[in-house]
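The values are calculated or read from the model by the stated rules, or taken from the named source; none is laboratory data. It should be emphasised that the depicted structure is a prediction, and the values quoted were computed from it without experimental measurement. Glycine also receives a Cβ, built like all others from the backbone with ideal geometry; neighbour counts cover every protein chain displayed. The protein model used for the area step is the full one, side chains on, heavy atoms only, and it has no ligands, DNA or RNA in it. Shrake-Rupley method; radii C 1.70, N 1.55, O 1.52, S 1.80 Å.
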Amino acid sequence: MESEPLLGRRSSSWHILGTQESRRSDSSGPHSSSSRNNSSSSGSSSQLDDLYIQQAAVFIEDAIQYRTINHRVDSQSLRLYRWYYSAACRWVLNTTIFVILALAFFEKPSSLSVTSDLRFRQVLWEPPCGLTEGIEAICLVLFIVDVVIKSYLLGWKEFQKSKWLIAYTLVLAASIVDWIVSLSLCCEEKVRVRRILRPFFLLQNSSLMKKAFNCLRQTVPQITSVMLLLALHLLLFTMIAMLLFTRVQITEDDKEWKTYFRNLPESLTSLLVLLTTANNPDVMIPAYSRNRAYSLFFITFSLIGTYLLMNLLTAIIYNQFRGYLLSSIQTSIIRRCLGIRGAFEVLCCERSTKTGRSGSLRMTVSTNTVLQVLQRVKMSPAHKQEIIKQARAFTHDCVTAEQFRALFDELHKEAVKEYPPKPAYRSLFLQKLQTVFSHRFVDYVGNLMVALHVICIFILQLSSLIQYGLPHQGWNPELHGLLSLWEIVRLANMLIVFRFLRIIPNIKLMALVATSVLDLIKNLRAFAGILVVAYYIFAIVGVVLFKDTIPAPQNSTNASLDGSISPENLTLQCGTYEQLGYWPNNFNDFAAALVTLWDLMVVNNWQVFLDVFSRFASPWSKLYFVAWWLVSSVIWVNLFVALILENFIHKWDRSYHPSFSDQESEYQMSVQDMFRDDLEEPTEEDLLERLRQHPHLHLPRGPV
């Protein structure tokens, strides 16, 4: 069956912006009027064909990246659109975001010092006014260009619907105003509001990060009930503790009240820290030494709070976040399906097929047109090669909507582990050797040798430790240099130990865990970005609130870098900031604040920071640290656990499912593919209705 002209349906069905480009003026010359008209018509058809192919290619690229297709589709706008999403422009934008975030390390207070220890800090170099501000101005100009181009490509109607784009504009406006105020004050302002707003540029540049943030924002209100129950639990046991551990006549029996339960704020703080087990069993020891029955109070508190309510909070966060993330990823899947269907619609023409006595119209695209589009699409070479191979395998010179969509199922496979083909030898001897060494028993022998090698190295190191002790008394770096022959041999043995990793693919459960870790690292970018935003904001706020709050110890110039404690500090109370030597942990600059926040997120000994900043700053400073604990240790860590569980359970179910083939296990999963089994594909009617609502591409309302 011969196909109808490709433009047979387009000219009557689609009204696309920019088609006026296809008109060209009559050429002068000795040609007749009829010749000029035919030539003009041929040129117009050629330009229209190119426009439709360009639109289809861009829609497919949108589908690959889960982008919306509701942008301008005329020829000039499409060229600008593809340039905007090119690798070079993305690199410039990402570099700009990195630079503006990195300015916090160089701005006043500068982090350009070897140590953040209060005892060894010297006068630091501060950038002159206008240096970092000039770099920041360049970044802001690039962001303005970015938001202008993005707004133009989407159009005014879509701009009004995009909350992120509106917020982008407002953040830029606020940053520019604050930048002008900073220069007018000669860079001597105490608070720079724009520094707190900078992480927004990182957040809005990643679609997956925005989805994760939206899911996080919607999850937080859902966990308020458990948080209130946890607060009630904390308050109830605080009241009981203040009744149990009251001030008594005997001073020796008064340590529990004096140290941990002197008043309501200290009691709340002590039990809050105990909820994280950071001060366990220190908080219990004074009372437990008096009467062992007091241990029941602390054990009951930990059982209910730490092991029941906190784990219940983890379960709720996991369940709620998974639901919102699933809904958000469903939107991404719809975008991909819509982009693919939109590409088909701008290419398709009608082919008449008859079934019995009744005739029906079937929407198809010629195979050659599909191949032309695929050649223009920017995608990974492996995906493009496989999709083109499948397109060329069609037996008929037409592609239906279902076949067109099925071509892009290959996109769901993020990466394929490919093994190189075995070399072909002409020599019979080499062929036999290849057969022998390709047998699986050779791998078993190799794994056995590696295991024996590791065991021998371990035994030798153990015998050396027993014989000579640790470290070896005969090794003297001053006599033998940095690496003696013995140390080089030990280093080689350490490298050989890594050969033991070759057994991982041969053990199914171990391989499953290893691939889950690799996928987790790959899919953690969005969640790590959320944590970077939280770190950045809290670090900036911490520098504003607590800079130079903790005074440097006296005679700090006489202290040494080996961490020795000065004589006056020897009598300090055990467990305090000063006695533990936590001087490098402070908020005097941005880099030091980041490390301090990390130490707080681990929550080990975080009561030390609560105490020192309460003494030198304000008792209300505890709210800052509690807020950081909630954001980092409670919410983000639980989301991280949820992602680990989802990734591992998904791989476990697929690996042990009877219908799961070995070939599929070689594919790495993205976050979207992780939830694919729970997602629903949009119907054809839904896709067509969404296409009819495209602001720049007008599909006829009624049936064709």
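The table below gives the values:
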{"quantity": "Accessible area in the full protein assembly, largest first, 1.4 Å probe, for C348, C456, C89", "calculated": "C456, C89, C348"}
{"quantity": "Whole-number accessible area per residue in Å² for the stretch 165-225, which is evaluated in the context of all protein chains at 1.4 Å", "calculated": "47 Å²"}
{"quantity": "Extension gain from E685 to K161, taking 0.36 nm per residue of separation minus the Cα-Cα distance", "calculated": "186.3 nm"}
{"quantity": "Heavy-atom accessible area order for K211, K108, largest first, 1.4 Å probe", "calculated": "K108, K211"}
{"quantity": "Surface share of carbon and sulfur [accessible, 1.4 angstrom probe, percent] for the stretch 206-348", "calculated": "62 percent"}
{"quantity": "Carbon/sulfur fraction of accessible area - the stretch 574-634, other protein chains in place, 1.4 Å, %", "calculated": "68 percent"}
{"quantity": "Within-13-Å neighbourhood charge of L216 [Cβ basis; K, R +1; D, E -1]", "calculated": "+4"}
{"quantity": "Residues with amide H under 5 Å from that of T364, placed H, sequence gap 5 or more", "calculated": "C349, R351"}
{"quantity": "Extension reserve of the L124-V141 stretch, reckoned as 0.36 nm per residue once the Cα distance is removed", "calculated": "3.1 nm"}
{"quantity": "Peptides ranked, highest mean first, by Cβ atoms within 10 Å: ranges 442-449, 307-314", "calculated": "307-314, 442-449"}
{"quantity": "Point-to-point label distance, V602-T300, nm (Cα→Cβ direction, 7 Å offset)", "calculated": "3.5 nm"}
{"quantity": "Accessible area of I299 in the full protein assembly, 1.4 Å probe (Å², nearest 10)", "calculated": "90 Å²"}
{"quantity": "Cβ-Cβ FRET estimate between W91 and E189, R0 fixed at 30 Å, reported to 0.05", "calculated": "0.35"}
{"quantity": "Within-10-Å neighbourhood charge of S328 [Cβ basis; K, R +1; D, E -1]", "calculated": "+2"}
{"quantity": "Added length on full extension, which subtracts the Cα-Cα distance from 0.36 nm per residue, Q222 to Q434", "calculated": "70.2 nm"}
{"quantity": "Accessible area, probe 1.4 Å, largest first, for residues E689, E410", "calculated": "E689, E410"}
{"quantity": "Sum of side-chain charges, V436 neighbourhood, beta-carbon under 14 Å (Lys, Arg +1; Asp, Glu -1)", "calculated": "+2"}
{"quantity": "Cα centroid separation - the stretch 371-400 against the stretch 578-626, whole Å", "calculated": "58 Å"}
